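Chemist: Handing you this structure, nothing more for now.
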Amino acid sequence: MADRANMLRRVQAADFAVEEAALFLDTHPKNDKALAYYKAHQALRKKTVDEYERLYGPLTVFGNESQTEWKWIDSPWPWEMED
């Protein structure tokens with residue numbers, strides 16, 4: 001379970017970086033360094049989420065990519081996860 005929690009923290013960190021960069025870009029839309037940072041962290045977030053979902057299942061309903069099964073319900077719900 002520790003590996004899963006660590007990977008989820010990596011997803012959360014990537015989410016935070018992307019959101020913070022987006023907020024900065026809202027007020028500095030012509031900042032090339034900020035845009036490059038945003039794009040790099042957006043790609044890192046996608047890679048991290050894809051890896052998490054490959055190993056543990058979808059993080060959100062949008063991650064359910066199976067054409068034959070509804071995988072969203074296979075993962076533990078937040079209240080079912082152990083520390």
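The values are calculated or read from the model by the stated rules, or taken from the named source; none is laboratory data. It should be emphasised that the depicted structure is a prediction, and the values quoted were computed from it without experimental measurement. Counting neighbours? That spans all protein chains shown, and the Cβs are built from the backbone with ideal geometry, glycine included.
Chemist: Take E53 and tell me if it is at pLDDT below 90, surrounded by fewer than 11 Cβ atoms within 10 Å (Cβ to Cβ) and of a type outside the set (S, T, Y).
Modeler: On the way: at pLDDT below 90: yes; surrounded by fewer than 11 Cβ atoms within 10 Å (Cβ to Cβ): no; of a type outside the set (S, T, Y): yes.
For E53, the condition - at pLDDT below 90, surrounded by fewer than 11 Cβ atoms within 10 Å (Cβ to Cβ) and of a type outside the set (S, T, Y) - is not met.
Chemist: Let me ask something additional. Given the criterion surrounded by 15 or more Cβ atoms within 10 Å (Cβ to Cβ), without any contact (Cβ under 8 Å) to a residue 60 or more places away in the chain, in a helix (DSSP H, G or I) and of a type in the set (A, V, I, L, M), identify the matching residue among A22, A34.
Modeler: Of A22, A34, the one residue that is surrounded by 15 or more Cβ atoms within 10 Å (Cβ to Cβ), without any contact (Cβ under 8 Å) to a residue 60 or more places away in the chain, in a helix (DSSP H, G or I) and of a type in the set (A, V, I, L, M) is A34.
Chemist: A further question follows. How many residues are modelled with pLDDT under 95 and more than 26 Å from L59 (Cα to Cα) when one looks only at region 5-28?
Modeler: 0
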